Every structure is written in structure tokens, then in C-alpha cells.
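The values are calculated or read from the model by the stated rules, or taken from the named source; none is laboratory data. Quick caveat: nothing in here was measured; it's all calculated off a predicted structure. Backbone-built Cβ (ideal geometry, glycine too); neighbour counts: all protein chains shown. Surface accessibility is based on the protein's heavy atoms, side chains included, excluding ligands, DNA and RNA. Shrake-Rupley method; radii C 1.70, N 1.55, O 1.52, S 1.80 Å.
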Amino acid sequence: PLADRLRPARLADVVGQDHLLGPSGALQRMLATGALGSLILWGGPGVGKTTIARLLADESTLAFQQISAVFSGVAELKRVFEEAARRQDATGQGTLLFVDEIHRFNRAQQDGFLPVVENGTVVLVGATTENPSFALNGALLSRCQVLVLRRLDDAAMEQLLARAEATLERSLPLTAEARASLRAMADGDGRYLLNMVEQLYSLPEQVPLDPQGLAGVMSRRAVLYDRDREEHYNLISALHKSLRGSDPDAALYWFARMLEGGEDPRYLARRLTRFAAEDVGMADPTALRLAIAAWETYERLGSPEGELALAQLVVHLGTAPKSNAVYKAYGAARRAARQTGSLMPPAHILNAPTKLMKEIGYGQGYAYDHDAEDSFSGQNYFPDEMPRTRFYTPTGNGYEQRIGERLEHWNRLRAAKGRRPEG
């Protein structure tokens, strides 16, 4: 395959990872000092993880051994460890053990690496597309340095195309616009890009293709998205924070990215409804009603028509005034409820359906607010043993400005009537 033929022979030839392989990069520093330690290479497919591992072995005079967690078990690991120990005893040469898809080993299997990494029998280089914080156990992570490989940018992809043309001594049959489309179709995956190049060279027609012609013979790389993996959480975080930052355009983009990746629209409806309550709150009380309406619309219409209602909700939430005052008030009230235990409500607001309850003071002195001046009695509704406490402090955003004015009006009336001040 073309991707194998173009595999770099030196670390300096690896594209797109200058932050690790450049003059001040972490890997170059390790090699320069002769202190190559165990590593976890974290990055998407086709960014150079396997290539870098091979070249690290070459440039550090270590024997290279490769296994895949998909196909290997405990017996294979023991064999590799024993070989590495024999090699070290016989020749003094160390072993760089490259473990592809290391996140697929279970926790007990990962623990098997600890003694051989610790005593230097192997220098472990693990490759993973999953977030090591979630996929690898803490003991292994503490013995390895995690290096993040970036998806290949447009410049790196163009370098790969130029190398392919130089190797095959033929120009790609593409217009400039189609060439840019080809790079975009690979979505940061160098291997996928070179596989597409190989397909292009195998076409019988060598007339330069425009973007439409390219789309007709090539398929775009599937969007990287897994609904139970890190990408799911990254994108929902991006959507939530774009909404909180009042950027409806960015929010629509992340919303669309999740849908294109196959996310269940019901999950998005649930998260958007939560946002309406948590981050918009009383600054725009209509937001929660619209969230429920959009959710119900999706349930009635299904996809793709119902997704437009969710997109409308995204725009509404992105442009709405924001307040988390209710969210904070609820948290403060819960903390107070836990701290104060089982305090009784004040007797004057308790119902007294029996004679005994009336005799012991239930309901005595209760003032019916509708009959009071300004329809406000200002009575105390907290337990007698607890001072009045303000949990909810409205912001000046949107509708909450009016709520704040109303609360201040009632506070003034309460003070005028000599009622309990807030604690």
C-alpha cells in the first residue's frame, strides 16, 4: 500500500507533529539526553503513532517489538517479556515494546506491564485513540508520559500529497479546488488520505476532477464520534459552553456535529432542556417551555423534520439572557436543608384540622396575604430556630431584573412592618 511505501524513515520526516518532534519537542529532548522513557501516544487514527514508535526504537538502538491488544493476551505478553529479559541479559540491548490499541487491555492485563516497565526490561510505548485518563489505570499512567498527537492539519496533508506525487512521479488528476476537497475528506487522517490517493491513480480516466467529480468517486471519511467515548463528552461540552457564551453559531455547529456523528436527538433534547433550566433560568422563563415544546415536536415528527425544532431551541438558548441564579439558590437551599435537620415550620403556617391542633397553636396568628395591605403580610415562613436566609439572588439579566425589583419591594414592605430581617 502507498501508505506503507511512504512511511517515514526518520523522525524528521514525520509530518504534523512538530510540537513533539521539533527542536524543542519532548521526544527530541528525550532522544538527545538518552533518556527515552515509557510513553503513551494518544491521538486519532492516521496521525503517526506506529511510525513514531518504530523510529524511536531505531534512533535509540532499542530492539523493536510490536503487539496489538486486540489479538494478544496474557500468554503473549509473558512471552514478549521473557524475550526482552533474555535479550537484555545476553546482549545488553533494551526492548521498545509497542502496544497498539493499549486501551483494549483490561485493568488486570495493564497491571502486568508494571514490573517490566519499572525494572527497565522494556520501554513501553502504547498507542491509543481513547483518553488515557479513562482508558488506562492510574498505576500504569504514573509510570508513563502521555504525549498527545495532533490530527494532521491542511499543511501536513499537502506535504503527504506532494510526497505521493514525487514517489509515483505523477500529478494527481485534480483541480486545485478538488485537491483541497481531498484533504478535507481525509479529516486529519494521513493513512486515509494516501489510500484515497491510491484509488485516484487507479482510475481509468485521468482528466482532472473538480470537487463534484471527486465526490462522485470518493467517499468522505466517517466523522470520528462514539456515543459512549470521550468525543461524545467533548462535543456536548463544546455545545453547552457555546450556549453559555451566547454564541448561537458555534452552538449550531457543535449541535450539527453531534447529529452528523449519529447522536440520538433525544439526548440532545434532554441536555438542551437542562441548559434552559440551569443556565437561562428565570432570565427567560420561556426558554424552559420552548425546550419542552421542541422536545415534544421531535417526538411527534421524528428525524429529520423534528431536528429543526431542536435547532430552533439551540438558537433561542444561545441568544437568551443567561442566569444561573436559580441553580445556585437550589444548591444553597439543599445545603441548608441538610444542615438544619428536622426543624418544624412555624406554628402559624400549619393547618389545624383537629381541635387539639388548634389548642396547641397550629394556625394561630396566620395572616392571609390576599387580605393584607399590598397583598403582602411579610410574615415569617422559615422555622422559628432558623434566621431568614436569602438563597435566590436574581441577576439583572432579562426577566430577572423585574423579579429583583419585585423582591426588593417586598423586602422594603417587610422592613416597614417590622418583620424578621434576612440572615
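Listed values, structure above:
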{"item": "GNM flexibility winner over the chain from Leu317, Leu407, Leu55 (Cα, springs under 10 Å)", "result": "Leu407"}
{"item": "Read-out Rg and Dmax of the Cα atoms in Å, derived from the coordinates shown; its label in (1) 24.9, 89; (2) 21.4, 72; (3) 32.1, 103", "result": "(3)"}
{"item": "Average accessible area per residue (Å²) across segment 343-418 - probe 1.4 Å, nucleic acids and ligands excluded", "result": "68"}
{"item": "Heavy-atom accessible area per residue - segment 154-223, 1.4 Å, Å²", "result": "51"}
{"item": "Long-range HN-HN contacts of Val123 with modeled amide H, under 5 Å", "result": "Thr95, Leu96, Leu97"}
{"item": "Relative contact order of the chain, defined on C-alpha pairs under 8 angstrom at six or more residues apart (%)", "result": "11"}
{"item": "Estimated FRET transfer efficiency (Glu82, Ala256; beta-carbon r; R0 56 Å; 0.05)", "result": "0.60"}
{"item": "DSSP loop GluC sites (Glu not before Pro) with at most 15 other Cβ within 10 Å excluded, longest remaining stretch of the chain", "result": "206-384"}
{"item": "Average projection area in nm² (convex hull over Cα atoms of segment 45-193, one quarter of hull surface)", "result": "10.6"}
{"item": "Charge sum, other residues only, whose C-beta stays under 10 Å from His240's C-beta, Lys/Arg counted +1 and Asp/Glu -1", "result": "+2"}
{"item": "Solvent-accessible area of Lys355 with every protein chain in place, 1.4 Å probe, in Å² to the nearest 10", "result": "150"}
{"item": "Relative contact order of segment 154-223, defined on C-alpha pairs under 8 angstrom at six or more residues apart (%)", "result": "42"}
{"item": "Average accessible area per residue (Å²) across segment 22-66 - probe 1.4 Å, nucleic acids and ligands excluded", "result": "40"}
{"item": "Surface share of carbon and sulfur [accessible, 1.4 angstrom probe, percent] for segment 343-418", "result": "53"}
{"item": "Solvent-accessible area, 1.4 Å probe, carbon plus sulfur percent, for segment 1-150", "result": "50"}
{"item": "Under 25 Å from Lys322, Cα to Cα: lysines that are on another chain or at least 8 residues apart", "result": "Lys241"}
{"item": "Global form of segment 229-319, assessed from the alpha-carbon gyration tensor, a/c cut-off 1.5", "result": "oblate"}
{"item": "Accessible-area composition of segment 171-293, carbon plus sulfur, in percent [1.4 Å probe]", "result": "53"}
{"item": "Length-normalised contact order for segment 229-319 - Cα pairs under 8 Å, 6+ apart - percent", "result": "35"}
{"item": "Lys, Arg +1 and Asp, Glu -1 on Cβ, resulting dipole of segment 289-423 about Cα centre, debye, nearest 20", "result": "520"}
